[in-house]
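Here's the structure, in C-alpha cells; my notes come after.
The values are calculated or read from the model by the stated rules, or taken from the named source; none is laboratory data. The shown structure was predicted, so the numbers you read here are calculated from the model rather than taken from an experiment. A quick note on method: Cβ atoms are made from the backbone with ideal geometry, for glycine too, and the neighbour counts reach across all protein chains shown. Surface accessibility is based on the protein's heavy atoms, side chains included, excluding ligands, DNA and RNA. Shrake-Rupley method; radii C 1.70, N 1.55, O 1.52, S 1.80 Å.
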Amino acid sequence: AQSVTQPDIHITVSEGASLELRCNYSYGATPYLFWYVQSPGQGLQLLLKYFSGDTLVQGIKGFEAEFKRSQSSFNLRKPSVHWSDAAEYFCAVLIHDMRFGAGTRLTVKP
Amino acid sequence: DTAVSQTPKYLVTQMGNDKSIKCEQNLGHDTMYWYKQDSKKFLKIMFSYNNKELIINETVPNRFSPKSPDKAHLNLHINSLELGDSAVYFCASSQDFPGLADEQFFGPGTRLTVL
C-alpha cells in the first residue's frame with residue numbers, strides 16, 4: 001500500500017545538538033515531498049519542499065532535508081536545535097492528494 | 001493579515017447536534033481542503049474543492065458536507081455529530097489543482113469536542 005512512514009514517534013534532543021527526523025515513503029513514482037511543523041495549538045507551517053532538482057533542499061528556521069531516491073527517504077535535519085524547535089513534525093507526500101506521516105514529536109532539553 | 005482563517009477555534013457540543021466550521025482564505029487560491037487530525041495527531045484529507053467543484057472525497061461519512069459559497073470560502077457542515085467526530089479540523093488552500101506541485105497553506109485548526 002502507498003504510505004508515508006515516520007518511524008520515530010517521539011525524539012528528545014538537547015539544545016544545541018544536531019537533529020535528524022526520518023521519513024520514508026512507498027509510492028511507485030517519486031512524489032512531491034514536504035515537511036511541515038506544528039507548534040502546540042497551532043496550524044501547520046511549511047518548513048521545506050522537494051519537487052525536483054537538487055536533492056538537498058534548504059528550508060526556513062535552519063532546517064534542511066535530503067531526498068534519497070534509492071532509499072525512498074526524505075529526512076529532515078538541523079545542525080543545532082533551539083528550544084523553540086520543540087513541536088510536532090510531519091512529513092507529507094503529494095501524489096494525487098496530500099498524505100501525511102503520523103508525525104514525530106520533538107522535545108528539546110535545556 | 002491571516003492567510004487562512006477558521007472559526008471557531010474551539011467547538012464543544014453534544015452528540016446529535018448539527019454544527020458548522022467556517023474557513024476563509026485571502027490568498028486568491030483556487031483550491032481549498034479540509035483535513036481531520038485525530039487524537040494521535042494523524043492527519044487525513046477529507047475534501048478538496050476547486051472552483052466550487054468537489055475534487056476529492058475520501059471515505060468520509062455523508063454527515064459531513066463541504067459548502068463553498070465562493071472561491072475564498074469552504075465551510076464544513078457536520079450533521080448528527082458523533083463522539084468519534086471529536087478531532088482537530090484543519091482548512092488549507094493551494095493555488096493549483098490538488099496533485100500539482102504546490103504548497104498548501106493551513107489554517108490554525110478548529111478543535112471539535114463532542115460530548
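A few comments on the model shown:
- Volume per residue that the Cα convex hull of the stretch B:4-114 spans, once the total is divided by residue count, Å³: 90 Å³
- Remark on the stretch B:61-101: accessible area falls by at least 50 square angstrom from chain-alone to full-complex state for B:Gly99, B:Ala101, probe 1.4 angstrom.
- For chain A, with all protein chains in place and a probe radius of 1.4 Å, 50% of the accessible heavy-atom surface sits on carbon or sulfur.
- In the context of the full protein assembly, A:Ile95 retains an accessible surface of approximately 40 Å², using a probe radius of 1.4 Å and ignoring ligands and nucleic acids.
- With the cut-off at under 15 Å, measuring from each backbone N in the stretch A:65-91 to a point 7 Å along the Cα-to-Cβ line of A:Ser26 picks out A:71-73.
- Surface composition of the stretch B:55-104: carbon plus sulfur atoms contribute 53% of the solvent-accessible area (1.4 Å probe, protein chains only, all chains present).
- If R0 is 30 Å, the Cβ-Cβ spacing of B:Asn62 and B:Asp30 corresponds to a FRET efficiency of close to 0.75.
- Between A:Lys68, A:Lys49, A:Lys78, the residue with the greatest mean-square fluctuation in the GNM of chain A (Cα pairs under 10 Å linked by springs) is A:Lys68.
- Sorted largest first by accessible area at a 1.4 angstrom probe radius, with every protein chain in place, the residues A:Arg99, B:Arg63, A:Arg105 fall in the order A:Arg105, A:Arg99, B:Arg63.
- Chain B - share of DSSP beta bridges that are antiparallel (%, nearest 5): 90 percent
- Estimated FRET transfer efficiency (B:His73, B:Val12; beta-carbon r; R0 22 Å; 0.05): 0.40
- FRET efficiency, 1/(1 + (r/R0)^6) with R0 25 Å, evaluated for B:Ser39 and A:Lys68 via beta carbons: 0.20
- Buried on assembly, the stretch A:42-56 (at least 10 Å² less accessible surface than by itself, 1.4 Å probe): A:Gln42, A:Gly43, A:Leu44, A:Leu46, A:Lys49, A:Phe51
- Structure remark: mean-square fluctuation, Gaussian network model of chain A, C-alpha springs under 10 Å; the largest value among A:Tyr32, A:Tyr50, A:Tyr89 belongs to A:Tyr32.
- Taking both sides together, the accessible area buried where B meets A is about 1700 Å² for a 1.4 Å probe.
- Listing of the stretch B:16-48 residues, each with accessible area lower by at least 40 Å² in the full protein assembly than in the chain alone (probe 1.4 Å): B:Lys41, B:Phe42, B:Leu43
- Average silhouette area of the stretch A:1-95, convex hull of alpha-carbon atoms, in square nanometres: 6.3 nm²
- Residues in chain B average 49 Å² of solvent-accessible surface per residue, probe 1.4 Å, ligands and nucleic acids excluded.
- Accessible area per residue for chain A, computed on protein heavy atoms with a 1.4 Å probe, is 47 Å².
- Its convex hull of Cα atoms gives the protein assembly as shown a direction-averaged projected area, equal to a quarter of the hull surface, of 12.6 nm².
- Fluctuation leader among B:Thr59, B:Thr31, B:Thr13 - chain B, Gaussian network, Cα springs under 10 angstrom: B:Thr59
- Number of Lys-Lys pairs in the stretch B:4-114 with C-alpha atoms under 22 Å apart and a separation of 8 or more places or on different chains: 27.
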